[in-house]
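First up is the structure itself, then whatever we jot down about it.
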Amino acid sequence: MKLILSIALCLYITVPGLAQQAVKISAAPANVSEDIGSEATPVDRIKSAKGFKVELIYSVPSEKYGSWVNLCADDKGRLFVSDQFGGIYRLTPPALGEQLKTSDIQAVPAEIRAVNGMAWALGSLYVGVNDYEKKIPSGLYRISDSDNDDQLDKVECLRAMDARGDHGVHAVVPSPDGKSMYLVTGNTTKPTELAETSQVPQVWGEDHLLPSFPDGRGHNRGTLAPGGIIYKVDWEGKSFEAYASGFRNIFDAAFNRDGELFTYDADMEYDFNTPWYRPTRICHVVSGGEFGWRNGAGKRPAFYEDNLPAVLDIGPGSPTGTTFGYGAKFPKKYQNALYALDWSWGKLYAVHLEREGSTYSATKEEFLTGAPLPITDAIINPNDGAMYFTIGGRRVQSGLYRVTYIGDEPTDLVTGNAAASDSMELRRSLERFHGKKDPKAVSEAWPHLASNDRFISAAARTALEHQPIDSWSKKAFAESNPPTQIQALLALARAAGVCPQHRTDDSLPVDSATRDRILAALLKIDDAKLDQRSQLVMQRVIQITLNRFGKPDQSTREALITKLDPMFPSKSSELNWLLCETLAWLESPNIAEKAMVMIESAPTQEEQMQYARSIRMLKSGWTPELQTAYFEWFLKAANYRGGASFEKFIQFIRDDAVASLSPSQKKSLKRILAKKPVKKSAIENLGEIFEGRAVKKWTLEELSAAAKDGLKNRDFDKGRKMFAAAACYACHRFQNQGGMTGPDLTTAGRRYSAHDLLDQVINPSKVINDQFSSVSVLTDDGVMHNGVIVNLGVKRNSSTLVLNTDLADPNERVTIDRNSIEDLRVSKTSPMPNGLFDRMQEDEILDLLAYLLSGGDEKHEFFAK
């Protein structure tokens, strides 16, 4: 039976720090050009930071101008815009408060299409073409005026490139010194011919000790390292240097005043709630940088030393444009911000960077957000100091917008910057050895291999990897300082070894002598004297050595087991990740029992899944009881939730585990192997610890009073277990684990006092985060849908809205055609359930509170004994 409602088409949202606005679904935008037949998102459905004004200056007729994805300004302040599947257009921005007319838009006569990146330089327009309809070659082009009539009509293909899909050739970014440009490419762009001076050493590999999995749904199956590359290119397009690599799908990049490059890399939403999921993130792109994208389940976590961490994790999304606010008539804070655009969530983030050593730390702010707002690119126009941004892509309705500041803060132009820090200068001095052989490189890089600054350490190691191995390998083996030696051996394993998946000639012998010397040197190191990072690096060196050089002899394998077995388990989940994998590969007789203890005690599904993955091919140390417990875990894991490939990944692990059984083991385990899982909700699956407990309705006053003097000498491990037991991980991310359908709580301690955080849990509907508000959508067929908006416009050639209808399961979604929506309104009830404390004891609540407020820092004063 159809549900028919007659309710006002209004949506009221209040967000701290953003202008309060009423969103009327049926409202038309004000001051729209009369010649516009179809409308982009009206400005009353866009929320902006305080003091900023958004104008819709043009709704793009799709049948005439397509769907705009890129913006660029020439040296006269005119704007170029590009249609993702069509040509380029030029326009002069109208005066403030005025609209752009169709008659003011000129088609660029050059025969070019599918431009995904543009830069004006040296009197020409340089563009990145990503034409996956294959009508012209993808690659780097130059468009110029052949006869000085102010019309771009000459097209030169500087370098054709093999690219496919959305992850192809994207932005063109001029270097700060004007001597070169940087070309941004995604991970389905095959590496082009590289200059010998490339900053990235061509020693990349998959480097999985245990076999990895491709994506469960087959996405990019067979696409291997190096992933997305940022190239440094001369203006004639002759020399292509791989400047940095290991990205998934980067669309744009931007330089700050320090001359440092930043990009916004994509996540893989199919990986939600797996141990290898990496959120969209802001990366500081440095010379020779490796950022760790690998196919399927092979993505490198941030703690792997052989890749660099992000400056800032953003969350789920679809990254598009990036730009700095330089030249804008904005307050100083916003002039200095890096703007990062998210197409699917309709957000424009202002990222505020602070220097930290040789790199940066960062925080994010939602500068603009709208629904729908498939935002594609943004630039600052130096002529009027305004920001211009486009929405569009995938043939959805496109529009051009302008953002100006009308608040009370001063907007004086910020110029110059502080001198580079000593750390930054040091890193740059090491980077000058990237891409060339230099007799000074080894002596200058060596003292900095063990730097506490990972970006300096990586720069030093990369400098080594560019030098002849014979010039520094003996020094690596003779080094007496363990942290330095471990870093040198990491460089040696990468430079001298060849990843099996990238070996072009299997007939060539493996360098077993180098393998044995590396392992012998590592076995001599007293790991008890190493700090946490050096322990992680050492384990990673062992893995890369075993992967690239193959199995050592039995005595060496036994020596490694003797050394590593007492270390597992450790207090570090990161170290446990590596130890469990290596011990399983070595067929340690004790790892089956130890890993099963960890699976049973680990509070998060990510940790459990990682241990289960690590022992799936293990043949040693199993008892019937352990094997039964292992396959019982798969019955439990069948109720875990994640992205679109999650169930397939669990299946892959189980399939490998079954294949590793002997015929007699399969026979004895026949009953458990045939058993089907009992379906439970994620909340039921995680909350079993509270079964049978009486309910107590805690008040805010009671717990706030207890917290005043009760947050000392708390139990870190119990707090973490309570976070899992209360099903918090089902929706919330914390310390790079957990769900994506609720706010990330890692920094909750910076935003909330103990009283306020308790208030949020006890009274979840008091203040609801806009991004995670539940909505009710009535469609024209009378059906009511309830859920949280998680994606917008995801289907090519259509305009859709996606709801997550079960916060504990990110894969429970319904896709709705926006044109069918009769009514949409935000619920005043939070999707977060009431009564999460009802079955907890006071000490458990205080342990959980301390864990949250500490940000997961075990050394926080809350846990001091």
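The values are calculated or read from the model by the stated rules, or taken from the named source; none is laboratory data. Note that this is a predicted model, so its numbers are computed, not measured. Backbone-built Cβ (ideal geometry, glycine too); neighbour counts: all protein chains shown. These area figures cover heavy atoms from the full protein model, side chains too; ligands, DNA and RNA do not enter into them. Shrake-Rupley method; radii C 1.70, N 1.55, O 1.52, S 1.80 Å.
Amide H contacts under 5 Å for Leu449: none, restricted to partners 5 or more places along the chain or on a different chain, H placed in the peptide plane at 1.01 Å from N. The value of relative contact order for the range 125-271, using C-alpha pairs under 8 Å at least six residues apart, is 20 percent. If you plug the beta carbon distance of Val814 and Arg164 into 1/(1 + (r/R0)^6) with R0 = 45 Å, you get a FRET efficiency near 0.90.
Rg over Rh for the range 410-537 works out to 1.10, using Cα positions for both radii and the Kirkwood form for Rh. The slack in the chain from Lys333 to Asn834, taken as 0.36 nm per residue of separation less the alpha-carbon distance, amounts to 176.5 nm.
The label point for Lys712 and the one for Thr102, both projected 7 Å from the Cα toward the Cβ, are 7.4 nm apart.
Here the Karplus curve 6.51 cos²θ - 1.76 cosθ + 1.60, taken at θ = phi - 60°, turns the phi angles of the range 110-125 into couplings of 4, 7, 9, 8, 6, 7, 10, x, 9, 8, 8, 7, 6, x, 9, 9 Hz, with x standing for Gly and Pro.
Label separation (Glu356 vs Glu193): 4.3 nm, computed from points 7 Å beyond Cα along the C-beta direction. Based on DSSP H segments of at least four residues, each scored -39500 (n - 2.57), the chain has a per-residue ellipticity at 222 nm of -7500 deg cm²/dmol. Charge tally around Lys332: other residues with Cβ under 11 Å, Lys/Arg +1 each, Asp/Glu -1 each, net -1. Note on Lys135 and Asp177: the extension gain reaches 11.6 nm, defined as 0.36 nm multiplied by sequence separation minus the Cα-Cα distance. Within straight-line reach of Lys474, meaning a Cα separation under 30 Å, sit the following lysines at least 8 residues removed in sequence or on another chain: Lys436, Lys437, Lys440, Lys524, Lys529, Lys551, Lys563. Here Cys728 sits with roughly 20 square angstrom of accessible surface, probe radius 1.4 Å. Counted over all Cα-Cα pairs of the range 489-555, pairs farther apart than 18 Å make up 37 percent. Each Cα pair under 8 Å and six or more residues apart adds its sequence gap; the mean of these over the residue count of the range 594-700 is a relative contact order of 29 percent. Just the protein heavy atoms count here, and of the accessible area of the chain at 1.4 Å, carbon and sulfur take up 49 percent.
Report the extension gain between Ala559 and Glu647 in nm, rounded to one decimal, defined as 0.36 nm multiplied by the number of residues separating them, less their alpha carbon distance. If you can, show how the numbers build up before the last one.
Working: separation 88, 0.36 × 88 = 31.68 nm, distance 3.76 nm.
So the extension gain works out to 27.9 nm.
Close amide H partners of Leu312, meaning residues 5 or more places away or on another chain with modelled amide H under 5 Å apart, are Ile282. Each residue of the range 664-678 was assigned a 3J(HN,Hα) from its phi angle through the Karplus expression (A = 6.51, B = -1.76, C = 1.60, θ = phi - 60°), giving 5, 5, 4, 5, 5, 9, 3, 5, 5, 5, 8, 5, 9, x, 8 Hz with x at Gly and Pro.
According to the calculation over all Cα-Cα pairs in the chain, the P(r) per 20 Å bin from zero is 14, 45, 35, 6, 0 %.
Backbone geometry of the range 251-259 corresponds, through the Karplus equation with coefficients 6.51, -1.76 and 1.60 at θ = phi - 60°, to 3J(HN,Hα) couplings of 9, 7, 7, 8, 8, 8, 5, 6, x Hz, x marking Gly and Pro.
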